[in-house]
Amino acid sequence: MYRVAVIKGDGIGVEVTEAAMRVIKAVTNKIEFVEFEGGFEVFKECGAPIREEDLEEIKEMDAVLFGATSTPFDVPNYKSLILTLRKELNLYANLRIIPDLWGDREIYIVRENSEGLYSGEYEVNDGRVVDFRVITREGAEKIARFAIELAKDRNFKEITFVHKANVLRGDRFFRKIVLNLAEREGIKVNEKIIDSFTIELVRNPWKHRIILSENLFGDILSDLASIHAKSIGVIPSGNYGEEIALFEPIHGSAPDIAGKGIANPIGAILSGAMLLDYLGLDGWVIWNAVKNYVKKGNLTPDLGGSAMTPDVVNGVISEIDDQEIDP
């Protein structure tokens, strides 16, 4: 039995996480879900977005399923829950899968998850604020290995490495590490400059199977690439560390539609599929079920339909029931 921590968050995070849990339970009975609170309400109570005792318990879990939380930007000393979890759980690699659910193809965006401008290191003086863009040898080597191993697992011969090494010293450092590791592993590296690559990603996205970049660039590229999935609501992601991994849809808490029953749960459901893959279970069952379901229609409003969240969940579970699996 695997123990999986669940943090539903707020807004539509609650709805889509519950949807993912239902679908996972339809595939396997080998997971025990343990729920924890986190976010701004917890911060108001204890001065941190998650209680220290809960964090220590989560570290002993096999994985984490995360929904979404709202992050106020005007509250002093508040750090978002997901950034806190990434740091405290040492989740150095972020993998966002951009799926073409109608065309059976994906883009894998591998993003360094702990450094860059999201390192949290900064300096404030009178009239000047400096956010430090941190790139270390250890961080660059770990994320490069992650992307290279992903390419080998998927039988891809190359990766696309996106950087700004023509300007930024940190990217020159990062570039050398990526090129050296890839050469040793027999993986070709296609180099792209970040600004011009954004145009290429819009015009011809599917030629790039695995895209590797540093933290901020990867964040922006994966959001941009979401247009090719037809909705950000269908995109899953995983945050991987040496001991544990956390899975979440990439959309936010969307408080404007929370409680209306129209949130698209597919991103959370596919995050559940990634969680099962991480645990060595049958994530492919969920992927197949979702692809079969969307091709039949009855989609949520963000995809041009009128379906409610439970309609999608029930439809995906029905597709799962039609497959032969060992729970």
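The values are calculated or read from the model by the stated rules, or taken from the named source; none is laboratory data. Please read these numbers as outputs of a predicted model, since none were measured by experiment. Positions of Cβ are generated from backbone atoms using ideal geometry, with glycine treated the same way; all protein chains shown enter the neighbour counts. Accessible surface is based on the protein model in full, side chains and every heavy atom, while ligands, DNA and RNA are left aside. Shrake-Rupley method; radii C 1.70, N 1.55, O 1.52, S 1.80 Å.
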Region 225-303: C-alpha gyration tensor shape, a/c 1.5 cut-off, then a/b vs b/c:
oblate
Lysines within cross-link reach of residue 207: Cα-Cα under 30 Å, excluding same-chain residues under 8 positions apart?
142, 152, 157, 164, 176, 188, 192, 230, 291, 295, 296
Using a Gaussian network model on the chain with a 10 Å cutoff between Cα atoms, which of 211, 262, 227 fluctuates the most?
227
Shape of region 105-188, Cα gyration tensor, a/c cut at 1.5:
prolate
Selection of chymotrypsin sites (Phe, Trp or Tyr not before Pro), region 89-171, meeting DSSP coil and at most 14 other Cβ within 10 Å
102, 132
Test of the criteria: in region 141-173, which trypsin sites (Lys or Arg not before Pro) are in a DSSP loop and have at most 13 other Cβ atoms within 10 angstrom of their Cβ?
154, 157
Order 318, 271, most accessible first, counting only protein heavy atoms with a 1.4 angstrom probe.
318, 271
To the nearest Å, what is the center-to-center distance of region 177-220 and region 30-98, using C-alpha atoms only?
29 Å
With +1 on each Lys and Arg Cβ and -1 on each Asp and Glu Cβ, and nothing else charged, work out how big the dipole of the chain is about its Cα centre, in Debye to the nearest 20.
1440 debye
Suppose only helical runs count, i.e. DSSP H with n ≥ 4. What mean residue ellipticity at 222 nm does that imply for the chain under -39500 (n - 2.57) per run, divided by all residues and rounded to the nearest 500 deg cm²/dmol?
-12500 deg cm²/dmol
On the principal axes of its Cα set, how long, how wide and how thick is region 1-117? Give whole Å, largest value first.
45, 34, 26
The farthest towards the positive end of the charge dipole of region 1-107, of the residues 85, 98, 43, given +1 on Cβ of Lys and Arg and -1 on Cβ of Asp and Glu, is 98
Treating every alpha carbon of region 192-327 as one equal point scatterer without solvent, the Debye formula yields log10 I(q)/I(0) values at q = 0.11, 0.12, 0.19, 0.20 Å⁻¹ of -0.47, -0.55, -1.22, -1.29
So which GluC sites (Glu not before Pro) in region 242-327 end up in coil per DSSP with only 15 or fewer other C-beta atoms within 10 Å?
242, 243, 324
For region 85-216, with only Lys/Arg (+1) and Asp/Glu (-1) charged at the beta-carbon, what is the dipole magnitude about the Cα centre, in debye rounded to 20?
400 debye
Percent of all alpha-carbon pairs of region 151-220 at distances over 13 Å, whole number, is 65 percent
If one builds a Gaussian network model of the chain from Cα atoms under 10 Å apart, the most fluctuating residue listed among 203, 137, 128 is 128
Can you bin every Cα-Cα distance in region 91-148 into 10 Å intervals starting at zero and give me the percent of pairs per bin, rounded to whole numbers?
21, 35, 24, 15, 5, 1
Normalised Cα Rg of region 183-252, dividing by 2.2 N^0.38 Å with N its residue count, works out at 1.24
Once ligands and nucleic acids are excluded and a 1.4 Å probe is used, how much of residue 104 is accessible, expressed in Å² to the nearest 10?
90 Å²
If you restrict to DSSP beta bridges whose two residues both lie in the chain, what percentage is antiparallel, to the nearest 5?
50 percent
Taking max minus min of the Cα coordinates of the chain on each principal axis, largest first, gives extents in Å of 52, 49, 38
Charge dipole (debye, nearest 20) of region 65-150; +1 at Cβ of Lys and Arg, -1 at Cβ of Asp and Glu
100 debye
Share of the chain's accessible area from carbon and sulfur, percent, 1.4 Å?
47 percent
Per residue value of the accessible surface for the chain (all protein chains in place, 1.4 Å probe), Å²:
46 Å²
Pull up the cross-link candidates among the aspartates and glutamates for residue 260, meaning alpha carbon to alpha carbon under 18 Å and not fewer than 8 places away within one chain.
10, 15, 18, 302, 311
Within the set 38, 261, 103, GNM on the chain using Cα springs under 10 Å gives the largest fluctuation to 103
